[in-house]
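So the structure is just underneath, and the comments pick up after that.
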Amino acid sequence: RKSNTLFTILTRYISEESIIYTNCWRRYSKLSEYFFIHKIVNHSISFVDIETGVHKNMIEGTQVAVKAQTPVRGRTNERISFYLLRFMIKRNSPGDYKYKLI
């Protein structure tokens, strides 16, 4: 895991106007140079930053949920946008989301 690789991937796929939440891993320290807002939680002190409310558990939980709802077969770069959109609609639409698309 090199910093250059990390920043190349992040700046390619994430808008610079996004809010980035991370822990205090040393390689994340320069993210504020690339993104408008970079919020940090120091896990050696607490799992939630009391002042900002920043925590990674929600992000990591969302990552697990996205992966669980994305079929292994057909998990390609061409289809990932569809799977992410479907996940966001399902997550943000209580009840039967299919009828809300019509």
Query raised in the report: more than 25 Å from I89 (Cβ to Cβ), outside any helix (DSSP H, G or I), at pLDDT below 75 and not assigned by TED's automatic domain parsing to the domain that holds R86: does that describe H43?
Result: yes
Requested in this report: Have a look at T62, T76 and point out the one that is out of contact with any Pro (no Cβ under 6 Å at 6 or more places or on another chain), among the polar types (S, T, N, Q) and modelled with pLDDT of 85 or more.
Outcome: T76
Report task. State all residues of the range 23-46 that are surrounded by 14 or more Cβ atoms within 10 Å (Cβ to Cβ) and aliphatic (A, V, I, L, M); if no residue qualifies, say none. Result -> L31, I40, V41
Query raised in the report: Could you say which residue among E51, E60 is in a helix (DSSP H, G or I) and of a type in the set (D, E)?
Result: E60
Query - Count of the range 23-37 residues which are closer than 16 Å to T5 by Cβ and either in contact (Cβ under 8 Å) with a residue 40 or more places away in the chain or not in a helix (DSSP H, G or I) (or both) - result: 4
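The values are calculated or read from the model by the stated rules, or taken from the named source; none is laboratory data. Bear in mind that the values here come from a model prediction, so they are computed numbers and not experimental data. Neighbour counts are summed over all protein chains in view; Cβ atoms, including those assigned to glycine, are modelled from backbone coordinates with ideal geometry.
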